[in-house]
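A short worksheet on the structure shown next.
Every number here is computed from the coordinates shown, using simple stated rules; none is lab data. Quick caveat, the model's predicted, so the values are computed rather than measured. With ideal geometry, Cβ positions are generated from the backbone for all residues, glycine too; neighbour counts draw on all protein chains shown.
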């Protein structure tokens, strides 16, 4: 057997992986006891599947030496924290979350392979992405149904999903395509404004569906991409100006936006009605203290939608403020990693793509956690990898898989355009 | 084309935001959390409550106002008299009054730590007792005084702000809140409303005491020749029963409660002066208090007509005041111009009887100078003496009556005053809602009874 | 299943002292464990990332070491990249697990080892079938390799470049 010197880094990587496994084992045992009423072979299978999938995915990911395996490691830890709490709240949602996870992991690797085989196919397109994103949104407008105050669900063959979540994928590609083919766009009349115009159209479509949170994420991603890649400062300033005007207009035009701002400013006056969700969230977080109440000992079930929109509050209640901070740090690490991928990737298209995906994770986490803490108004956005939700989880893993591909150090850089 | 510096900038910005959020989480847990944990909408408290011996209420002399029943609750001895102060405690409908404000204290709820919980669970948690500033004897007496009327009485110590009695009628049996809820909700007379602190009434002539301060502070000429009529901008004001008083100074005007005087002088003082004084008396401001209060309204907008100003000057127009605010205001005059912060909680005592908190008086507002306050006090003593309805043998009582016209057509009967005038230990405000009689006829006699009971023994 | 449920119920949920049961104690102990585990995880990953940070600051100004293809691609029957970025520890070979994977039939699965130790880079041959050349010389023991050295793997040649003398 050839000598392979285990570097100290490799050793640490192994120990980090054990942490996730240890966490899973301990928390699963606890939750299984707590949910003893539903203790069936199924729940044991659930636990086994979670552990196996995590171990397998991390083992597989390490085989790809060219790419960044930290991404999946961090994500697996995040997911574990989330799924444990979801299962604690409801075994039914726990099972579903795990199924989505399996699908997510599969799509993660699938995305990588597809991109590997077809890397050049994506680089030249721009309009295609815009049409894909807009198409998804228009589809929802026409055929969608309302759930939770926003019309952004579609039902196909018994399964409901949110196209607005999926639209993030073509959107990131759109930005990447725009900046990778900058010269081509600039040669067109008004071409350099195309990206902004396209984004605003998409945001408008979101507003029509009352999906404000995702609109904000899109805005954040666009803005960050401009800061990173836009050479024409006027375009950036124009965007800022339009955004401010847009927000003010939206505030005055849309009653439901004013409502959200009112609730944000003072939810205590209407704790029975509009302020119910956020106040219950705050109660939960306050009840947890720094280390939490202990799994099963708190009352996260009093928080509405604790398994999805307010998963962070439930975590803060039963696992404590320090765990909440740990979650924030994990997201920070994930985003940092993603931005590093963008910096290190010489291929322009995939570099931009990596940045967009990283920012989208960052924006979602910031907006979502900020909302449940009442730092900013609630927006109905979900926490990637943690909140229960098929569309959200699957999309996040797809994006992660794409980011994983972008971290491939061996991508061939196309010759610079003259 | 790639700009690493800018991308790094993004990274730093995002890092800063995430870290700031973490810090906020810590801040939230340390500072905000404890404040909201006891909120009655926080159902987590109810789980603990059935295992916790809720603390009891006592009056200022240590008389028990509630007693424990079962292993976790308590009932009021006088559920109607104290319905608005102590408030109800219902698992279904939440809490009100001091039960709500001091819920955490009554439950002895400690924040998170395992060991605190451990102790609680092992020893069986007992909550803290609340000792109020209320004088039980006086509280019950005032409640009876209001029988057959709607309205409120607030009695306080103007030198400390301690509330001696606060009653509001119509009231309800707070011990039976669950059974009575439906009826209470239907009841158009709104028994749940704490009229003493939240009821907003047109003050009528009691406002003249405050306007008098404005007149004195403005330095305008206080003399006036009354012809029984005063016309301002085409609108004519008359005195009660059309009386004509001839030459008057401020004292005479107060004694006679002359509308003509006050309308004229109000317009001379002007919008700004009146508003400033009213706000020193805590109009348009939220009075800090353990129970919910309403803001008294001194409506002074820059585009007011002279008539509106005039009306405000003698307590009509859009002016509205709570009985609590009135009591504090009149008390401030008696307290050399210092309005004290009102409080009902005197002490918190741990289950072992140790006082863990004792309230200390603090000044809320300086409404006027001591010399003006003393001069006005003399005027108000003369007012009471001339009226005769609130006088008490051997004690100087200062005060003002009022009969406030309002939309119902039946005037509110008011009295606000303090005694003994030189160094008052009691200040009070009484309002009889839609009484249809004058303050002198209906409210002042009640005040006399209260002063007699408290000061003559 | 029923029996197991009852056993669990009995074991964890009977009151030991006062209102406390075993589940409560366990959950309370575990909550500290969970925080420690996850924060340690964060710490570990952060350290690993920190060790990479040198490369991050250098991007755009100084590239990490890499192998630059010299041989003309038309002369080769298999796919080769122009550039292979190098990590601290690289296996060069035909196999999937190689950091520098070249699907040449002449290479062994794990053909050579290029690694960094205490600031310097070394090249060693991993008992490959067809050998490795450094500047024309056969590599046996690990030998130090410098920037602009030529690495030959049977019929393909690379220039070993470190960032210091870029441009």
What FRET efficiency, computed as 1/(1 + (r/R0)^6) with R0 = 51 Å and r the Cβ-Cβ distance, is obtained for residue B:410 and residue A:245, rounded to the nearest 0.05? 0.40
GNM top mover of C:75, C:130, C:15 - chain C, alpha-carbon springs below 10 Å: C:15
In peptide A:299-307, what is the residue-averaged number of other protein chain Cβ atoms found within 10 Å of each Cβ? 1
Roughly how tilted is helix B:177-186, in degrees to the nearest 10 and between 0 and 90, from the longest Cα axis of chain B? 50
Compute and list, largest first, the equivalent-ellipsoid semi-axes of the protein assembly as shown from the alpha carbon gyration tensor, each √(5λ) rounded to a whole angstrom. 75, 35, 23
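Where does each of C:92, A:257 land when they are ranked from fewest to most other beta-carbon atoms within 10 angstrom?
Details: C:92 28, A:257 17.
Ranking C:92, A:257 by Cβ neighbours within 10 Å, fewest first, gives A:257, C:92.
Multiply the residue separation of residue B:67 and residue B:220 by 0.36 nm, subtract the distance between their alpha-carbon atoms, and state the gained length in nm to one decimal.
Values: separation 153, 0.36 × 153 = 55.08 nm, distance 5.76 nm.
Difference between extended and current length: 49.3 nm.
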Roughly what % antiparallel, to the nearest 5, for the DSSP beta bridges in the protein assembly as shown? 95
Once label points are set 7 Å from the Cα along Cα→Cβ at both residue B:356 and residue C:33, what is their separation, rounded to one decimal in nm? 3.4
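Ignore the peptide's own chain and count Cβ atoms of other chains within 10 Å of each Cβ in A:342-355; give me the average, rounded. Walk me through the numbers on the way to the answer.
Numbers: counts 6, 10, 10, 2, 6, 0, 2, 0, 0, 3, 2, 0, 0, 4.
Mean partner shielding for this stretch: 3.
Under 1.5 on a/c is rounded, so check that first for the range B:186-300, then, if it is not, pick prolate when a/b is larger than b/c and oblate when it is not; a ≥ b ≥ c are the square roots of the alpha carbon gyration tensor eigenvalues.
prolate
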So residue B:395 and residue B:272, fully extended at 0.36 nm per residue minus their Cα-Cα distance, gain in nm 40.6 nm
Over the range A:123-406, how many percent of alpha carbon pairs lie in each 5 Å bin up to the one with the longest distance? 1, 6, 12, 16, 17, 16, 14, 9, 5, 2, 1, 0, 0
With equal scatterers on the alpha carbons only and no solvent term, can you work out the Debye log10 of I(q)/I(0) for the range C:66-165 at 0.14, 0.21, 0.22, 0.23 1/Å? -0.45, -1.09, -1.22, -1.35
In whole Å, what are the extents of the range A:195-310 along the principal axes defined by its C-alpha atoms, from largest to smallest? 55, 31, 21
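What FRET efficiency comes out for the pair residue B:35/residue C:159, r = Cβ-Cβ distance, R0 = 56 Å, nearest 0.05?
Values: r = 67 Å, r/R0 = 1.20.
About 0.25, to the nearest 0.05.
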Calculated [θ] (222 nm, deg cm²/dmol) that DSSP helices of n ≥ 4 give over chain A, each run adding -39,500 (n - 2.57): -23000 deg cm²/dmol
Spatial separation of Cα centroids for the range A:167-227 and the range B:252-302, in angstrom: 58
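Can you give the FRET efficiency for residue C:50 and residue C:16, using 1/(1 + (r/R0)^6), R0 = 45 Å, r = Cβ-Cβ distance, to the nearest 0.05?
Approximately 0.50, to the nearest 0.05.
What whole-number value in cubic angstrom gives the convex hull volume per residue for the C-alpha atoms of the range C:114-167?
74
Can you compute the helix-only [θ] at 222 nm over chain B? Use -39500 (n - 2.57) per DSSP H run of at least 4 residues, normalise by all residues, nearest 500 deg cm²/dmol. Walk me through the intermediate numbers first.
Details: 17 runs with 174 residues, N = 457.
One gets -11500 deg cm²/dmol as the mean residue ellipticity at 222 nm.
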Of A:297, A:282, A:174, the one that fluctuates the most in a GNM where chain A has Cα springs shorter than 10 Å: A:297
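Can you give the average number of partner chain beta-carbon atoms within 10 Å of each beta-carbon in peptide C:81-89, as a whole number?
What the average comes to for C:81-89 is 4.
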Among A:208, A:383, A:242, whose mean-square fluctuation peaks in a Gaussian network model of chain A (Cα, cutoff 10 Å)? A:242
Between 0 and 90 degrees, rounded to the nearest ten: what's the tilt of helix B:370-387 against the longest Cα principal axis of chain B? 60
Quick one: angle between helix B:259-280 and the longest Cα principal axis of chain B, in degrees between 0 and 90, rounded to 10, please. 20
Quick one: Cα centre-to-centre distance for the range B:377-395 and the range B:338-352, in angstrom? 32
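Take peptides B:234-245, C:145-156, B:25-36 and line them up by average Cβ neighbours within 10 Å, highest first, as a rough protection proxy. Walk me through the numbers on the way to the answer.
Working: B:234-245: 13.0, C:145-156: 17.3, B:25-36: 15.7.
The most tightly packed comes first, giving C:145-156, B:25-36, B:234-245.
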Once all Cα-Cα distances of the range A:176-235 are split into 10 Å bins that start at 0, what whole-number percent is in each one? 22, 49, 25, 4
Normalised by the empirical 2.2 N^0.38 Å for globular proteins, what value does the Cα Rg of chain B take? 1.14
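Can you put B:321, A:352, B:167, A:33 in order, fewest other beta carbons within 10 Å first?
Working: B:321 33, A:352 27, B:167 30, A:33 20.
Sorted ascending by nearby Cβ count, the order is A:33, A:352, B:167, B:321.
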Just grab the label-to-label distance for residue A:110 and residue B:27, each label 7 Å out from Cα along the Cβ direction, in nm (one decimal). 4.5
Euclidean distance between Cα centres, the range A:310-359 to the range B:416-436, Å: 65
Multiplying the sequence separation of residue B:179 and residue B:247 by 0.36 nm and subtracting their Cα-Cα distance, what value in nm do you get? 18.4 nm
Relative exposure of C:77, C:94, B:453, A:88, judged by other C-beta atoms within 10 Å (fewest first): C:77, B:453, C:94, A:88
Whole percent per 5 Å bin, from 0 to the bin with the longest distance: what is P(r) over all C-alpha pairs of the range A:93-136? 5, 18, 13, 16, 21, 14, 9, 5, 0
